[in-house]
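No lab work stands behind these numbers, since they all come straight from the coordinates. Just so it is clear, the model here is predicted, and its values are computed rather than measured. Ideal geometry is used to build each Cβ from the backbone, glycine not excepted, and the neighbour counts take in all protein chains shown.
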Amino acid sequence: MQLQESGEMYLETILVLSKEKASVRSIDVCEHMGFSKPSVSRAISLLRSAGYVNMDKDGYLTLTEEGARIATKIYDRHNLLTGFFVSLGVPEDIASADACKIEHHISDETFDAIKRRVDKA
């Protein structure tokens with residue numbers, strides 16, 4: 001299954017929240033993303049069906065190995081791109097917003113070239 005941008009955003013959000021707190025529930029995702037409970041519930045259901053997210057009997061969410069791989073990739077892209085844009089003089093809030101738009105669409109080749117350039121600096 002090819003994951004869409006919105007699915008990647010949910011996975012990244014679960015990863016970020018799991019770094020901030022011991023357990024993550026759908027309501028935490030709702031609050032963090034500013035989406036309605038029905039929207040988040042539907043998305044989490046799709047991600048569970050596709051094998052990216054697990055939910056235990058108490059409603060706690062965890063990423064599967066594949067879900068964590070994708071979330072980490074997007075999260076790393078976001079952080080590197082934000083830092084790169086800030087180094088160019090872009091204000092951090094704008095840099096972060098732009099990175100969020102780009103991180104889902106940039107090719108691996110272009111991202112790797114930016115990463116190499118950043119690593120040289």
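Overview of results
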| item | result |
| --- | --- |
| Qualifying positions in region 86-101 - under 12 Å from Met9 (Cα atoms) and surrounded by 13 or more Cβ atoms within 10 Å (Cβ to Cβ) | Cys100 |
| Any chance Gly83 is at positive phi and either surrounded by 12 or more Cβ atoms within 10 Å (Cβ to Cβ) or small (Gly, Ala, Ser) (or both) | no |
| Selected residue (criterion: farthest from Gln4 (Cα to Cα)) from residues of region 91-121 that are part of a helix (DSSP H, G or I) and β-branched (Val, Ile, Thr) | Val118 |
| Subset of region 4-27 (residues that are free of Cβ contacts under 8 Å to residues at least 24 places away in the same chain and touching a strand residue (DSSP E or B) at 6+ places or on another chain (Cβ under 9 Å)) | Thr13, Leu17 |
| Wholly enclosed helices (runs of 4 or more DSSP H) of region 1-59 bearing at least 3 residues among the acidic types (Asp, Glu) | 5-20 |
| Members of region 42-67 that are closer than 17 Å to Leu17 by Cα and either among the aromatic types (Phe, Trp, Tyr) or surrounded by 14 or more Cβ atoms within 10 Å (Cβ to Cβ) (or both) | Ala43, Ile44, Leu47, Tyr52, Val53, Met55, Tyr60, Leu61, Thr62, Leu63, Thr64, Gly67 |
